[in-house]
Amino acid sequence: DWEMENFTEKEVNRIRKLVGDKAQVIGAVSGGVDSTVAAKLLKEAIGDRFHAILVDTGLMRLNECEQVKETLQEHLGINLTIVDGSELFLGRLAGVVEPEAKRKIIGGTFIDLFEIEALRIEKGAENTPLAGKVEWFLQGTLYADIIESLSFRGPSATIKSHHNAGGLPARMQNGEAQLKLLEPLRELFKDEVRSFGRQLGIHEDLVMRHPFPGPGIGIRIIGEITPERVEIVRRADHIFISMIKEAGLYQEVTQAYAALDTNRAVGVQGDSRVYGYICILRAVTSLDMMSAEPYEFSWTLLKAISRRIVNEVDGIARVVYDTTSKPPGTIELE
Ligand code: XMP
């Protein structure tokens, strides 16, 4: 629509003016709508002087890293660096079971790797005569994120320590970098970001994608995160989401995922006894993520999903569906 078109042009011009014709900008991308829209906007405004960094935590979904690469680099032409941190993340997480400890390790490792890469880009920039220093840090913060983080300062404090790129600028300022914060989406609501994304030529699948938390499937594996358990969750999640899409329900559901319990259960497959993990499925509808209701799938579909997961994913013996509302539950398990 007209207002959005106007917004794109205005925003591109504003960024060009602000950043100037030499300075460079870095920003973390996740493959989600917000960071992709922000990155594409920067690409439009200053081209390759914007550097997107994707940190592969080893906790992303099946083939997700490759998909982000294809979309951002090949389709949207964004200057993207992928940092493969999977071994480091899984190494630091070995033996850790406590949810907040997991979140802190994932958030901290993310910042460590991002900083190393940002400094590498800075060094590279010094040797590129046409471009200037890295002076800005891009963040895809929305209006709702600002409201939410304000309310987190209240007496109810933090229920969970949310991980996104939020801690970065402060840390980077203590280093050599002295980065200034660029938040082009900070006055927008989610639906505005989506129409903005369409306008910037971002594919509908990505524009309408469910949210995915920064700590990834790390907070969807109860107990210890091992490479084997990550693989099991990935495969179950892929089947669940594919079947929701095939049933035409993806847009009706706000967020859905498969998770893994620590406990195992007995089952029979063919003629043999199996002893495998319990897979937990969660799907919710929500307007603002502050409250949510479990999605009411048809019994037939839910059973078909269970059957496929148990049949196709080695290591899973049972599938259960989480019927908890938020509150008292939360959307994620940890
Ligand atoms: P909860 O579990 O708090 O989740 O009901 C509400 C929404 O926030 C997402 N979420 C996160 N997003 N970093 C993120 O970027 C996080 O650490 C994080 N934890 C939860 C969750 O997926 C849901 O959409």
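The values are calculated or read from the model by the stated rules, or taken from the named source; none is laboratory data. The structure displayed is predicted, hence computed values, not measured ones. No Cβ is skipped: glycine too gets one built from the backbone with ideal geometry, and neighbour counts run over all protein chains shown.
Condition first: away from the ligand (no atom under 16 Å from the Cβ), free of Cβ contacts under 8 Å to residues at least 60 places away in the same chain and among the aliphatic types (A, V, I, L, M). Now tell me which residues in region 267-311 satisfy that.
Kept after step one, since they are away from the ligand (no atom under 16 Å from the Cβ), are these residues of region 267-311: 267-279, 296-311.
Narrowing the set further to residues that are free of Cβ contacts under 8 Å to residues at least 60 places away in the same chain leaves 267-279, 296-303, 306-307, 310-311.
Once the filter is applied, which keeps residues that are away from the ligand (no atom under 16 Å from the Cβ), free of Cβ contacts under 8 Å to residues at least 60 places away in the same chain and among the aliphatic types (A, V, I, L, M), region 267-311 yields 268, 274, 278, 301, 302, 310.
Which one is nearest to the chain's Cα centre (by Cα) among residues in region 133-144 that are within 18 Å of residue 111 (Cβ to Cβ) and outside any loop (DSSP other than H, G, I, E, B)? Spell out how you get there, then give the answer.
Narrowing region 133-144 to residues within 18 Å of residue 111 (Cβ to Cβ): 134, 136-141.
From what's left, outside any loop (DSSP other than H, G, I, E, B): 134, 136-138.
Working: 134: 25, 136: 22, 137: 18, 138: 16 Å.
For region 133-144, the residue satisfying everything is 138.
Candidates in region 39-73 are the residues that are in a strand (DSSP E or B) and not acidic (Asp, Glu); of these, the one that is surrounded by the fewest Cβ atoms within 10 Å (Cβ to Cβ) is 53. Scanning region 92-111 for residues that are surrounded by 15 or more Cβ atoms within 10 Å (Cβ to Cβ) and out of contact with any Pro (no Cβ under 8 Å at 6 or more places or on another chain) turns up 92, 93, 96, 99, 104, 105, 109, 110, 111.
As for region 166-189, it holds no residue that is modelled with pLDDT of 80 or more and part of a helix (DSSP H, G or I). Within region 223-244, the set of residues being under 19 Å from the mean Cα position of the chain (by Cα) and within 15 Å of residue 295 (Cβ to Cβ) comprises 240, 241.
Cβ-Cβ under 6 Å, sequence separation 6+ or interchain: first residue in region 234-250 and on the phi < 0 side of the Ramachandran plot and in a helix (DSSP H, G or I), partner buried (at least 19 other Cβ atoms within 10 Å of the Cβ) and at pLDDT below 95. Which pairs? Correct list of pairs: empty, since none qualify.
When the residues of region 23-49 are filtered to those that are among the basic types (Lys, Arg) and more than 18 Å from residue 115 (Cα to Cα), the one that is nearest to the ligand (Cβ to nearest atom) is 40.
Being touching a residue at least 12 places away in the same chain (Cβ under 8 Å), assigned to a strand (DSSP E or B) and more than 14 Å from the ligand (Cβ to nearest atom) is a property that residue 260 has.
Taking residue 221 as the residue in question, decide whether it is more than 16 Å from the ligand (Cβ to nearest atom) and among the β-branched types (Val, Ile, Thr). Judged against the criteria, residue 221 is not a match. Taking residue 230, is it away from the ligand (no atom under 15 Å from the Cβ) and in contact with a Lys or Arg (Cβ under 6 Å, 6 or more places away or on another chain)? No.
The residues in region 267-297 that are aliphatic (A, V, I, L, M) and modelled with pLDDT of 95 or more can be counted, and the count is 6.
State which residue is farthest from the ligand (Cβ to nearest atom) when the search covers only region 312-334 and only residues that are touching a residue at least 40 places away in the same chain (Cβ under 8 Å) and out of contact with any strand residue (DSSP E or B) (no Cβ under 7 Å at 6 or more places or on another chain).
Within region 312-334, the first condition is being touching a residue at least 40 places away in the same chain (Cβ under 8 Å), and the residues that meet it are 312-322, 326, 330-334.
This time we only want the ones that are out of contact with any strand residue (DSSP E or B) (no Cβ under 7 Å at 6 or more places or on another chain), so: 312-314, 330, 332, 334.
Values: 312: 25, 313: 22, 314: 27, 330: 3, 332: 3, 334: 8 Å.
Checked region 312-334; the qualifying residue farthest from the ligand (Cβ to nearest atom) is 314.
For region 10-27, indicate whether the set of residues that are within 21 Å of residue 212 (Cβ to Cβ) and surrounded by 15 or more Cβ atoms within 10 Å (Cβ to Cβ) is non-empty.
Going residue by residue through region 10-27, those that are within 21 Å of residue 212 (Cβ to Cβ) are 27.
Filter once more, so that each one left must be surrounded by 15 or more Cβ atoms within 10 Å (Cβ to Cβ): 27.
Yes; the residues of region 10-27 include at least one that is within 21 Å of residue 212 (Cβ to Cβ) and surrounded by 15 or more Cβ atoms within 10 Å (Cβ to Cβ).
One residue stands out among those in region 188-199 that are more than 12 Å from the ligand (Cβ to nearest atom) and among the basic types (Lys, Arg): the one that is surrounded by the fewest Cβ atoms within 10 Å (Cβ to Cβ), which is 198.
How many residues are part of a helix (DSSP H, G or I) and buried (at least 17 other Cβ atoms within 10 Å of the Cβ) when one looks only at region 200-226? Break it down stepwise before answering.
Initially, region 200-226 is screened for residues part of a helix (DSSP H, G or I), giving 204-207, 216-219.
Cutting the leftovers down to buried (at least 17 other Cβ atoms within 10 Å of the Cβ) gives us 206-207, 216-219.
Counting residues in region 200-226 that are part of a helix (DSSP H, G or I) and buried (at least 17 other Cβ atoms within 10 Å of the Cβ) gives 6.
For region 278-334, the tally of residues that are of a type in the set (Val, Ile, Thr) and assigned to a helix (DSSP H, G or I) stands at 4.
Number of residues in region 240-265 that are buried (at least 18 other Cβ atoms within 10 Å of the Cβ), touching a Ser or Thr at 6+ places or on another chain (Cβ under 8 Å) and not β-branched (Val, Ile, Thr): the value is 1.
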